[in-house]
There are 6 protein chains.
Amino acid sequence: MINPNSNEAVTEGLRQAVLPLSYAEGPEIVCETLTEGPFGVETQEHAESVTIPLRRKVEAANDVDAFVIACYSDPGLHVAREGTTSPVFGIAESGVLTALARADRFGVIAIKTRSIPRHIRYLRQMGLMDRLAGERPLEMSVAETASGDRTLERMIAIGRELKDKDGAGAIVMGCAGMARHRRPLELELGIPVIDPTQAAVAMAIGTIAVR
Amino acid sequence: MINPNSNEAVTEGLRQAVLPLSYAEGPEIVCETLTEGPFGVETQEHAESVTIPLRRKVEAANDVDAFVIACYSDPGLHVAREGTTSPVFGIAESGVLTALARADRFGVIAIKTRSIPRHIRYLRQMGLMDRLAGERPLEMSVAETASGDRTLERMIAIGRELKDKDGAGAIVMGCAGMARHRRPLELELGIPVIDPTQAAVAMAIGTIAVR
Amino acid sequence: MINPNSNEAVTEGLRQAVLPLSYAEGPEIVCETLTEGPFGVETQEHAESVTIPLRRKVEAANDVDAFVIACYSDPGLHVAREGTTSPVFGIAESGVLTALARADRFGVIAIKTRSIPRHIRYLRQMGLMDRLAGERPLEMSVAETASGDRTLERMIAIGRELKDKDGAGAIVMGCAGMARHRRPLELELGIPVIDPTQAAVAMAIGTIAVR
Amino acid sequence: MINPNSNEAVTEGLRQAVLPLSYAEGPEIVCETLTEGPFGVETQEHAESVTIPLRRKVEAANDVDAFVIACYSDPGLHVAREGTTSPVFGIAESGVLTALARADRFGVIAIKTRSIPRHIRYLRQMGLMDRLAGERPLEMSVAETASGDRTLERMIAIGRELKDKDGAGAIVMGCAGMARHRRPLELELGIPVIDPTQAAVAMAIGTIAVR
Amino acid sequence: MINPNSNEAVTEGLRQAVLPLSYAEGPEIVCETLTEGPFGVETQEHAESVTIPLRRKVEAANDVDAFVIACYSDPGLHVAREGTTSPVFGIAESGVLTALARADRFGVIAIKTRSIPRHIRYLRQMGLMDRLAGERPLEMSVAETASGDRTLERMIAIGRELKDKDGAGAIVMGCAGMARHRRPLELELGIPVIDPTQAAVAMAIGTIAVR
Amino acid sequence: MINPNSNEAVTEGLRQAVLPLSYAEGPEIVCETLTEGPFGVETQEHAESVTIPLRRKVEAANDVDAFVIACYSDPGLHVAREGTTSPVFGIAESGVLTALARADRFGVIAIKTRSIPRHIRYLRQMGLMDRLAGERPLEMSVAETASGDRTLERMIAIGRELKDKDGAGAIVMGCAGMARHRRPLELELGIPVIDPTQAAVAMAIGTIAVR
């Protein structure tokens, strides 16, 4: 699993997020930081700036059975796939697909309003718009999201809007670093909440196991 | 995992199929036969006849963390979901969603021509028709499919048509009992081949692990 | 016409609803109650529980020229079709198709919120979502709907929202037992209102007449 | 029912086609010829040339309970609707909607190749493309279609292609004057065949009956 | 460029609108009034009434390299195309297509509420509904729109709703006579605003230039 | 107009292609080569490798009124748009949108089979799949395409298949360097043929002119 941003704290969060999926007999899950990446992937420029570095990292990793790109914009997904015979999973794609196995229509919690057009464009590319109930932003600063409690509180409020106003039957957390809020959010909302990094790793494990 | 048909040999095949996903620290995977089911689910009547028995079985299984309904028509999926707070996965849904994480457009190998309208209707219900490259039938009798070699040979021929004529980038095996052919078929075709029972169990494990 | 619930009062209402379509030279319209059915079809379990009994009833009725399943979830429609060479009409399907001949986009009045996801899933299966303006619930108890005046009042309010807020140009009454409200509702709203049982019977008559 | 072309023989064919739907207690069905119309509606110009004359005819007919425009291009449908409070049915729309109540995907038999883009554009306008299996032309001259036997023979051949190659489960005859071939074609193909004029009249009767 | 209504002031507005696209070496842009047209195209009847006159005008203009029909309902577009080998552009079609080159989702400012269903039907015919953010009406009388200032003020208010509430990234002015407001509206809203007559002429010039 | 590959001959071809759109009073059209680019953009890696260099070039060009990215994969389109307040046009997007103003369904001539999935994915992202008749590859080597005559011959053959087998009413040349074949191809096929670089420049000129 590659964290395309250079924030090592995010990578550590990924390690915690996928710990429950680490089985002694299963594949080893290694979370790495893309040191060339920006501190956070917030713009289209950030997303584009990591695609070739991700490709290089994938090409250099000869003995990896599957890759996960851990950014909700799935940057470099197709170029990484072109560079390896191992499967490559994007967390946005995996998160949404996993939500579709849990409810008829899903909602997405985005960090910022400005990411939503990019996400919608990507959902349209995936041909999955008919199942989208809605996407709503937390609209919090990075500093604010760092403080856990206020973030959870805000996610619950946004999640309720997605459920009650938009008719979402499941929620995808539209960011790589929110896994610790998944369980409390699910308990509050009463509908499935998907952490996309966990969803992608589960798919990767399933693929590796049956080779 | 519940086999909705009463053919115990199919259930034994399921056990073999998901063996690679059984981890000592992971959830125990139990494959059961729906004794009330028909010997095979080949018609709409067969599919409808198992929905309420599946619901009863799900309701009675209080300590199960996740269910998988192991028939490519996903019979009773929604009524089973209504009867439990645990997640319920259908193998057709999971198989197709997993294929979407591997290629832009997927093909389906059906056993019989007559199943295809039912599958198409279901894909339309899931809103996933835009990603379907095509579905083609083996058109083999049950007796013929029982003999492994001829089946694999036929699957390779059909898989090649899906890949070369229809443009499929991944193949979903549209039946519960074909897992042993997955790997040889994938090697022959050179594109990912998804066994839907394995795909559903991987999704179930991923859901259970992160509770 | 088969009422899949065991509420004989609903069946009697169906008889009244289709009386205007009974011509001396036309086909005889017989409304029967599925005695094995639940008192009302309100859940997925209710819907699934009647599919095989409906199939049996259809198979046993050898001299029937066309069948209508009179429940807005169209339970057992496909399995009934598989069991007879006579055409089988579902009232939800017929009601929506008839609305499409009257306006560009249609609205649906549902009894309860919880039916809406099931209806949406079915509309997606039919490939008709692009024409849906919206679906809104009466959210009344069975006891309340039994009292006609309050029901009509509520239907008018909901119908106005579908017309004015959602842009519906025609309304489908999303239930088998509302035919007596059709005309007053249409007069109040000023747009076509479709009773789905009447729509299905009209289609059935048209099919039988031209054999 | 208005025949937008000035060919009185076609109007006479319409009268025969809807005879089975004429009930003593039902609405009187009057078939009229649009004398201003072209001898046949074969081009976009033909279709556009009849829209205002149809509007005038509809406006002048104050005591008509419902109108049917009997040309498979549904010329003037929306402008006619704007000019009357009575419902107006187009045979293409009604024919396709009726086919959707009989099978998952339908095929259309067109007279000429050059009509197909116009029909496809119209199906897209109706939002019904997801249910189209295919449209294929007879490619016969008017003189040839006048001779019944060769026409039926050709319709059977085209119908078989729609059924076997395109997967159509029902056939719509894409022309106003083919009703007499409906039954023999249906018997040959073994799937429902819809005459669009009969479909539209059945919908009109159903609407009038329940006022 | 043909103004299908007989209001010469509108034609004069068109001349002003396309002045910036008149190059000495480029094609001469001639704006003509359809004298047979209604004073304004506000109803379906108005739209249908000009189709054959437009066809005649196009047929008579033998030395014209490209035609533009300057009414946001694109009346007679297909029948005009059938009558000439020169390309024919409709301003609604060109305006929307040009907006798609500027933003992911577009909004439309309509003059009146009653035009919106007609526009939606047309967008569905073009297969472009997935990119529509919303359409909202000015709901002004002709007299009111004649007074420029109030019109601009109202367009800004409606444009803000399309941008902020519906998520439009570009705006199409849904009328032929608003070009003088394009620039100020764009400056106020901060997103691209498309005048459809200018968009159509630009496409026409591009087509002529490369012959 | 920026040629994202480093092949100066292609850039020279672009200059010739857009010469007919250079008006003395119009905007100056400058065609530049992205010197950092690969010799040709044939893979996803090639496409991704030019996105950030294109962004830098766009950011550095302060006095440019509009940009055109001249590669049929539209690499870096969104990241370039994020980096400038001037409009940025991609030739694939502009070419397809322009084709939609000429015919109901369009076909695309690709150079290589392997580009087709990338193009399909992009068409799905644009929400324009409903208008695609088909895409077919020339399947020629770079050396072969360099020789003009054989290329045109092959394009005519492929164009005929798109027109006759797939039903395309217009053709988009799916490459930046084919402009010289546009006119002869159009004459041979008898339907509009769009050179995407000319289409994009026409849109850019239209946008600049009306500022």
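The values are calculated or read from the model by the stated rules, or taken from the named source; none is laboratory data. Since the model is a prediction, treat every value here as computed from it, not as a measurement. Ideal geometry is used to build each Cβ from the backbone, glycine not excepted, and the neighbour counts take in all protein chains shown. Just so you know, the surface numbers come from the protein's heavy atoms only, side chains and all, with ligands and any DNA or RNA stripped out. Shrake-Rupley method; radii C 1.70, N 1.55, O 1.52, S 1.80 Å.
Every condition in (1) in contact with a strand residue (DSSP E or B) (Cβ under 8 Å, 6 or more places away or on another chain); (2) over 30 Å from E:Asp166 (Cα atoms); (3) of a type in the set (Gly, Ala, Ser) is met by E:Ser49 except one, and the failing one is (1).
The rows are residues; the columns are (1) open to solvent by less than 10 Å² (accessible area, probe 1.4 Å); (2) over 10 Å from the mean Cα position of the chain (by Cα); (3) more than 9 Å from every other protein chain (Cβ to nearest Cβ).
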residue	(1), (2), (3)
F:Arg55	no, yes, no
F:Val58	yes, yes, yes
F:Ala66	no, yes, yes
F:Ile91	yes, no, yes
F:Leu97	yes, yes, no
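The set of residues in segment D:177-211 that are more than 10 Å from chain C (Cβ to nearest Cβ) and either out of contact with any helix residue (DSSP H, G or I) (no Cβ under 8 Å at 6 or more places or on another chain) or open to solvent by 30 Å² or more (accessible area, probe 1.4 Å) (or both) comprises D:Gly177, D:Arg180, D:Pro184, D:Leu187, D:Glu188. Restricting the search to segment D:37-72, which residues are of a type in the set (Asp, Glu) and at pLDDT below 95? Once the filter is applied, which keeps residues that are of a type in the set (Asp, Glu) and at pLDDT below 95, segment D:37-72 yields D:Glu42, D:Asp63.
Of the residues making up segment A:61-92, those that are within 22 Å of A:Arg211 (Cα to Cα) and aliphatic (A, V, I, L, M) are A:Ala61, A:Val64, A:Ala66, A:Val68, A:Ile69, A:Leu77, A:Ala80, A:Val88, A:Ile91.
Being open to solvent by 40 Å² or more (accessible area, probe 1.4 Å), more than 15 Å from the chain's Cα centre (by Cα) and under 20 Å from B:Val50 (Cβ atoms), is that true of even one residue in segment C:23-44? For segment C:23-44, residues open to solvent by 40 Å² or more (accessible area, probe 1.4 Å), more than 15 Å from the chain's Cα centre (by Cα) and under 20 Å from B:Val50 (Cβ atoms): present. Check whether at least one residue in segment E:101-109 is open to solvent by 20 Å² or more (accessible area, probe 1.4 Å) and either over 27 Å from D:Met129 (Cα atoms) or in contact with a strand residue (DSSP E or B) (Cβ under 6 Å, 6 or more places away or on another chain) (or both), and report yes or no. The answer is yes; a qualifying residue exists.
What residue, among those in segment F:126-143 that are among the acidic types (Asp, Glu) and within 19 Å of B:Asp104 (Cα to Cα), is farthest from the other protein chains (Cβ to nearest Cβ)? The qualifying residue farthest from the other protein chains (Cβ to nearest Cβ) is F:Glu135. Of the residues that make up segment B:113-125, is at least one within 14 Å of chain A (Cβ to nearest Cβ), among the aliphatic types (A, V, I, L, M) and surrounded by 19 or more Cβ atoms within 10 Å (Cβ to Cβ)? Yes, that holds for at least one residue. Before we move on, is C:Pro137 open to solvent by 40 Å² or more (accessible area, probe 1.4 Å), farther than 30 Å from D:Ile191 by Cβ and of a type outside the set (Gly, Ala, Ser)? No; evaluated as a whole, the condition is false for this residue. Residues in segment B:179-205 that are closer than 18 Å to A:Ser22 by Cβ and touching a Pro at 6+ places or on another chain (Cβ under 9 Å): 3 in all. Out of segment B:69-89, which residues are open to solvent by 10 Å² or more (accessible area, probe 1.4 Å) and either touching a residue at least 60 places away in the same chain (Cβ under 8 Å) or at the interface with chain A (Cβ under 10 Å from one of its Cβ atoms) (or both)? Correct list: B:Cys71, B:Tyr72, B:His78, B:Arg81, B:Thr85, B:Pro87. Counting the residues of segment F:52-100 that are polar (S, T, N, Q) and within 30 Å of F:Glu135 (Cα to Cα) gives 3.
Filter segment D:1-11 for residues that are open to solvent by 30 Å² or more (accessible area, probe 1.4 Å) and either in contact with a strand residue (DSSP E or B) (Cβ under 7 Å, 6 or more places away or on another chain) or at pLDDT 95 or above (or both) and give the result. Hits for segment D:1-11 are D:Ser6, D:Glu8, D:Val10. Looking only at residues in segment A:140-153 that are modelled with pLDDT under 90 and acidic (Asp, Glu), which one is least open to solvent (accessible area, probe 1.4 Å)? Of everything passing the filter in segment A:140-153, A:Glu144 is least open to solvent (accessible area, probe 1.4 Å).
So which residues in segment E:165-176 are more than 21 Å from E:Pro75 (Cβ to Cβ) and either open to solvent by 10 Å² or more (accessible area, probe 1.4 Å) or assigned to a loop (DSSP other than H, G, I, E, B) (or both), if there are any at all?
Listed by number, the residues that qualify are E:Lys165, E:Asp166, E:Gly167, E:Ala168, E:Gly169.
Exactly one residue among E:Leu14, E:Leu54, E:Leu19, E:Leu34 is under 25 Å from E:Ala110 (Cβ atoms) and without any contact (Cβ under 8 Å) to a residue 40 or more places away in the chain, and that residue is E:Leu34. Filtering segment A:47-76 to residues that are closer than 22 Å to A:Cys175 by Cα and among the polar types (S, T, N, Q) leaves A:Ser49, A:Thr51, A:Ser73.
Of A:Ile191, A:Ile171, all but one fail to be of a type in the set (A, V, I, L, M, F, W, C) and touching a Lys or Arg at 6+ places or on another chain (Cβ under 7 Å); the exception is A:Ile191. Kindly indicate whether A:Thr85 is assigned by TED's automatic domain parsing to the domain that holds A:Val58 and among the hydroxyl-bearing types (Ser, Thr, Tyr). For A:Thr85, the condition - assigned by TED's automatic domain parsing to the domain that holds A:Val58 and among the hydroxyl-bearing types (Ser, Thr, Tyr) - is met. Which condition does B:Leu19 not pass, out of (1) at pLDDT 95 or above; (2) closer than 21 Å to B:Ser115 by Cβ, if it passes all the others? Going through the list (1) at pLDDT 95 or above; (2) closer than 21 Å to B:Ser115 by Cβ, B:Leu19 breaks only (2). For segment F:26-53, filtering for residues that are assigned to a helix (DSSP H, G or I) and more than 11 Å from chain A (Cβ to nearest Cβ) leaves 0. Looking only at segment C:68-89, which residues are within 16 Å of the chain's Cα centre (by Cα) and of a type in the set (Gly, Ala, Ser)? Correct list: C:Ala70, C:Ser73, C:Gly76.
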